[in-house]
Amino acid sequence: MRYYTAGIIGTGRIGFSLGYDKKREQPASHSSALAANKRIKITAGCDTDSGNLEAWHKAFPSAKIFSTPEAYFAYEDTPDITVVAVNEKSHLPVAMQTLASNTKLLILEKPVALNMKEGLELATAAEKSGTAVLINHERRFASDYRLAKCIIAGGEIGEIQTVRAVLCSGLAVYSPEEEETGAYSLLHDGTHLIDIVHFLLEPEVFSGPERGLRNPRVSFFSEDKKVRNISAFYQLENGIQITIEISGRSRFFDFYLDITGTTGRIKISNGFAAQYTRKESKLYSGFYSLAGNKSVRFPKKTGYFSNMIKNAVGFLDGNEKIFSSLEDGLKALRAIEEIKSCIKKHSKRNE
């Protein structure tokens with residue numbers, strides 16, 4: 001059996017500390033997920049924050065540590081897998097350094113980049129280097145969403161009619177002041193929302209690099225030069241209507257999808273999933289209603305992080321394709337860019 005080495009650049013929340021969150025399904029960080037896989041040995045860690053790096057090194061004392069990406073890549077024994085879990089602003093430069101190294105697989109935190117220009121630059125570099133890239137759009141690996149995809153693909157809720165995808169948080173949906181940091185929810189968590197819509201409807205509805213959510217009609221509300229909520233509406237050629245709703249003024253966090261077909265429905269969110277099926281109505285003679293399908297049990301433990309690492313190992317073994325590719329990440333980023341473009345055009349007209 002072959003074993004692989006792994007290194008992590010960015011030992012903050014998603015890179016390390018969320019692995020100690022007692023409320024989250026574990027493993028919940030790159031470090032804990034890598035450590036839990038018996039075929040991977042963590043050999044290196046890197047962070048410009050000395051406090052983050054020191055805490056990480058206590059958990060992995062046998063690994064080499066580096067305070068800069070330059071020092072990490074100067075090390076003669078580059079790991080087979082390099083995880084880049086830095087902030088959005090640093091994605092491009094650190095990912096480019098990774099692609100220029102001997103790393104076999106780059107696991108890149110979402111979103112791919114701050115904007116499409118940077119994303120395409122990264123894609124060009126990846127193609128030239130031959131290094132594979134896996135984007136951590138974690139819901140693609142979660143067993144509850146994968147079951148939902150099977151139900152949809154199997155026609156168990158009929159032909160898809162509508163999709164409503166909703167994200168609620170307290171982070172502004174968009175702010176021009178945060179273009180260089182990526183600290184707005186349309187990019188930070190919206191990339192998950194858009195990507196999972198793509199995933200659930202592929203390949204029947206979306207396929208290929210240019211297929212995805214395109215040409216939206218966007219309405220939004222702004223306050224203090226920050227966009228507080230948006231609705232992006234898509235009418236597909238096959239009649240499917242898709243709405244992306246993001247709130248940036250909620251005092252709670254929520255992420256859910258409601259997918260309605262001609263004979264059923266699926267609702268799925270953080271910690272909840274259910275399928276509803278057409279049955280003879282108990283309330284009205286001659287009518288049919290939707291009722292919960294008790295024969296379908298969605299898993300409580302989704303394995304979202306551990307499954308991602310299993311996919312990385314399977315790819316390096318030559319047995320699996322990457323389930324969340326750079327192409328997938330770029331499709332989500334392109335949709336985000338189109339929504340931003342609509343916001344900017346409308347704002348400019350009102351100046």
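The values are calculated or read from the model by the stated rules, or taken from the named source; none is laboratory data. Since the structure is predicted, the reported quantities are computational estimates derived from the model, not experimental observations. For neighbour counting, all protein chains shown are included, and Cβ atoms are generated from backbone atoms with ideal geometry for every residue, glycine included. Quick note on the areas: whole protein, heavy atoms, side chains included, nothing else; ligands and nucleic acids left out. Shrake-Rupley method; radii C 1.70, N 1.55, O 1.52, S 1.80 Å.
A few comments on the model shown:
- Close pairs from the stretch 12-24: first closer than 15 Å to SER306 by Cβ, partner among the small types (Gly, Ala, Ser) and open to solvent by 50 Å² or more (accessible area, probe 1.4 Å), Cβ under 9 Å, at least 6 apart: GLY19/ALA35
- Residues that are outside any helix (DSSP H, G or I), open to solvent by less than 10 Å² (accessible area, probe 1.4 Å) and under 14 Å from LEU326 (Cα atoms), drawn from the stretch 94-113: LEU105, LEU106, ILE107, LEU108, PRO111, VAL112, ALA113
- Subset of the stretch 1-57 that is part of a loop (DSSP other than H, G, I, E, B), among the hydrophobic types (A, V, I, L, M, F, W, C) and in contact with a strand residue (DSSP E or B) (Cβ under 8 Å, 6 or more places away or on another chain) - its residue that is surrounded by the most Cβ atoms within 10 Å (Cβ to Cβ): PHE16
- Within the stretch 112-131, tally of residues that are of a type in the set (Asp, Glu) and either free of Cβ contacts under 8 Å to residues at least 24 places away in the same chain or over 21 Å from ASP189 (Cα atoms) (or both): 2
- Qualifying residue in the stretch 57-79 (condition: of a type in the set (Val, Ile, Thr), under 24 Å from the mean Cα position of the chain (by Cα) and either at pLDDT 95 or above or closer than 25 Å to LEU114 by Cα (or both)): no
- Of TYR174, TYR234, all but one fail to be under 21 Å from the mean Cα position of the chain (by Cα), without any contact (Cβ under 8 Å) to a residue 40 or more places away in the chain and open to solvent by less than 50 Å² (accessible area, probe 1.4 Å); the exception is TYR234.
- Qualifying residue in the stretch 84-93 (condition: outside any helix (DSSP H, G or I), over 20 Å from SER17 (Cβ atoms) and in contact with a strand residue (DSSP E or B) (Cβ under 9 Å, 6 or more places away or on another chain)): no
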